[in-house]
1. Amide H neighbours of M253 under 5 Å, at least 5 residues apart or on other chains, H built in the peptide plane: list them.
2. So who's got an amide H within less than 5 Å of the one on D17, skipping anything under 5 residues away but keeping other chains? H placed 1.01 Å off N, in plane.
3. Once phi is turned into θ = phi - 60°, what whole-Hz ³J(HN,Hα) does the Karplus curve with 6.51, -1.76 and 1.60 give for every residue of the range 270-280, x standing for Gly and Pro?
4. How far, in nm, would the chain grow between H86 and H55 when pulled straight, counting 0.36 nm per residue and subtracting the alpha carbon separation?
5. Out of A130, A342, A193, any idea which swings most in a Gaussian network model of the chain, alpha carbons joined below 10 Å?
6. Mind checking the per residue accessible area of the range 140-296 for me, 1.4 Å probe, whole number of Å²?
7. Apply 1/(1 + (r/R0)^6) to the Cβ-Cβ distance of S317 and S258, taking R0 = 22 Å, and write down the FRET efficiency to the nearest 0.05.
8. How much of the accessible area of the chain, probe 1.4 Å, is carbon plus sulfur, in whole percent?
Amino acid sequence: MKASPDIESWLKLTLIDGLGDESIRKLLVAFGNPSEILSANTNHLERFVKKQTAHNINQGADRSKIEATLKWLEDPINSVVTLADHDYPALLLNISDPPPLLYLKGQRKLLNVPTLAIVGSRNATPQGIANASAFAEAASNAGFCIASGMALGIDTAAHHGGLRGPSASIAIVGTGLDIVYPARNRELAHLLAKDGALISEFPLGMPALGRNFPRRNRIISGLSLGCLVIEATLQSGSLITAKQALEQGRDVMAIPGSIHSPLSKGCHALIKQGAKLVENFQDILDELNYRSTSAQTVHHKTNNDIGTTRENAVLLSHLGYDVTDIDTICLRSGLTVEAVSAMLLALELDGMIASLPGGRYQRIR
């Protein structure tokens with residue numbers, strides 16, 4: 001698909017060396033659109049930006065970068081979203097420094113659905129991974145798209161959980177969208193491109209530079225109604241995301257853990273500072289004052305109106321809210337593996353429990 005002249009003008013503007021987002025926004029206010037900026041003379045431009053920057057604008061962007069991006073845009077799965085587009089994320093417009101242009105691979109319609117950010121440690125525990133997966137799936141069933149940063153650990157589990165539900169997941173990355181980082185998440189990137197989305201403010205070819213990731217975190221929080229932190233050390237980048245969420249007026253929530261675990265210290269610090277302590281998914285709904293969509297109405301019925309038998313409801317009490325394997329459930333209930341498996345399936349379809357890797361289950365309602 002051939003890019004429109006407007007899109008090409010946006011690319012020519014945003015790919016100019018040395019022209020930052022703040023200057024671009026200032027110029028857009030002054031001139032109205034990229035075409036007017038690009039055609040302005042140096043003297044006029046110098047009223048709003050430094051002399052060297054004005055010179056760079058007159059010189060124009062590297063044509064090879066523009067051509068490479070236009071070639072990338074020929075794939076229907078790829079697009080760019082600018083401040084002038086009607087579907088630019090509405091919440092992102094309200095932060096102090098919205099990116100003038102976003103590169104997107106995947107489902108553009110996800111940009112303006114209710115979104116929950118889930119972030120945490122790259123070196124997560126099995127319990128943290130299970131929590132991220134279960135909470136993300138429950139949120140996706142309730143109508144939230146899950147936003148995270150595609151890092152290993154909590155981010156990866158959150159993306160997979162979101163993709164299992166009907167509301168999918170979006171990854172905000174710190175590289176160009178022609179690069180998968182970390183490389184181990186290549187398969188996840190393909191799943192997100194197909195059923196969710198990948199988003200970046202960085203141009204194609206941008207490598208994984210350390211300074212990019214704190215910057216991209218403001219987009220993770222900015223797109224979202226709230227931010228849930230699951231396992232984080234006191235030096236974790238997840239706390240940067242949480243801090244930015246607070247600055248943006250978003251709700252911040254955290255799951256507590258053992259007082260002896262370094263991966264709980266960051267979450268406990270957030271809770272001490274006023275973050276919502278989350279024990280179950282209802283805590284998130286209450287904090288966000290959110291009424292779930294039809295997705296949850298279908299999948300998350302109450303005990304009074306689900307087609308759950310009395311026996312299934314009893315099994316639910318044996319399950320509890322901790323992650324539990326099927327053998328333990330059989331031991332508690334006195335039922336056979338076959339009977340418990342059938343009942344667990346019914347409860348999962350009713351949205352009462354989540355199935356986790358390794359044949360384990362967790363009650364979520």
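1. C227, L228, V229, K276
2. Excluding prolines and chain starts, which carry no amide H, the hits are D62.
3. 3J(HN,Hα) across the range 270-280, in whole Hz: 5, 5, 4, 8, x, 5, 5, 6, 10, 10, 8.
4. 8.0 nm
5. A342
6. Value for the range 140-296: 40 Å² per residue.
7. Working: r = 26 Å, r/R0 = 1.16.
Efficiency computed from Cβ-Cβ geometry: 0.30.
8. 52
The values are calculated or read from the model by the stated rules, or taken from the named source; none is laboratory data. It should be emphasised that the depicted structure is a prediction, and the values quoted were computed from it without experimental measurement. Note that we place each Cβ from the backbone using ideal geometry, even for glycine, and neighbour counts take in every protein chain shown. Accessible surface is based on the protein model in full, side chains and every heavy atom, while ligands, DNA and RNA are left aside. Shrake-Rupley method; radii C 1.70, N 1.55, O 1.52, S 1.80 Å.
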